[in-house]
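Working notes, beginning with the structure itself.
None of the figures in this text is laboratory data; all of them are computed from the coordinates on show. None of the values given here were measured: they were computed from a predicted structure. For neighbour counting, all protein chains shown are included, and Cβ atoms are generated from backbone atoms with ideal geometry for every residue, glycine included.
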Amino acid sequence: MKGWAMATKRLFIRPDFDAHTLAQTMWLDGDWLTESEAKDLQRLLPPSMATEQRTVFMAAVNRALKDCELLQKSSPEGEQKVHLRAVAGCAGDLLQLMTARQNQPDTRATIRGVSAPFVVGLAGTKKLTTASEAAARENELMAHFWDTVRDIEAVFFYAAEQMKPDKQGRPKLRNERVLAGGLAKAHFQAVGEWPAMSDRSKNKKYWFMGFIDALPKRLGVAPGSDTVAKAIAELETRV
């Protein structure tokens, strides 16, 4: 057990992954818009929008504004992308190391043998997670570890690919793009279609852009019509 004693010194303390999420959730429970601001904006909604649609739309608008405010406090997308790719890369390296020995009977036997103390809970062993303990009891610990690491690689790589950092390091444009997309999604959630940029039948600007222009300036993010149009076009390709 000497090797295990040495290994225990390198164990990391599990971060409290729920702490930030809980704080963020509690913060998101309130509305970003004040009651007065919300009433002023609701007057800009078209008469054709039903009461239920108005409720859904305004709730989604509040979420979009909050998300944008949180984004302004977060790390730049470029930094996030590098970090996510680094985690995915480490997971890929670990998969290669595990795969190199997966067909060796001695490796499988060794892991099966050392997993026994974890299952029975011998003194000095670190308790496994419920999923890992169940896998150990079925002599499937190696497969369970491999699948878990593969999932880590897949999720972090996908998350990294979703990051589209501005190559010139312009967070203002990023924030405008994200807010425009969030507001377009709010429209889709409420009425089931993406907002138009103009009302061709009446040859005038569609109400949606006027609504965006009327948003409170205290957020410091004001997407223009070009940014909104690009955000909508990108969203339409994902559906």
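Here are the numbers for the structure shown:
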{"item": "Net lengthening on full extension, Lys127/Ala154 (0.36 nm per residue, minus Cα-Cα)", "result": "7.1 nm"}
{"item": "Theoretical FRET efficiency, 1/(1+(r/R0)^6), r = Cβ-Cβ of Glu236 and Gln42, R0 35 Å, to 0.05", "result": "0.85"}
{"item": "Tyr206, Tyr158 arranged by Cβ crowding within 10 Å, fewest neighbours leading", "result": "Tyr158, Tyr206"}
{"item": "Label-point separation in nm, Ala100 to Glu140, each point 7 Å along Cα→Cβ", "result": "2.8"}
{"item": "Rounded, prolate or oblate (a/c below 1.5 giving rounded, otherwise prolate when a/b exceeds b/c) for segment 126-196 by Cα gyration tensor", "result": "prolate"}
{"item": "Cross-link pairs Lys81/Lys172; Lys81/Lys185; Lys164/Lys217 - those with Cα-Cα distance over 22 Å", "result": "Lys81/Lys185; Lys164/Lys217"}
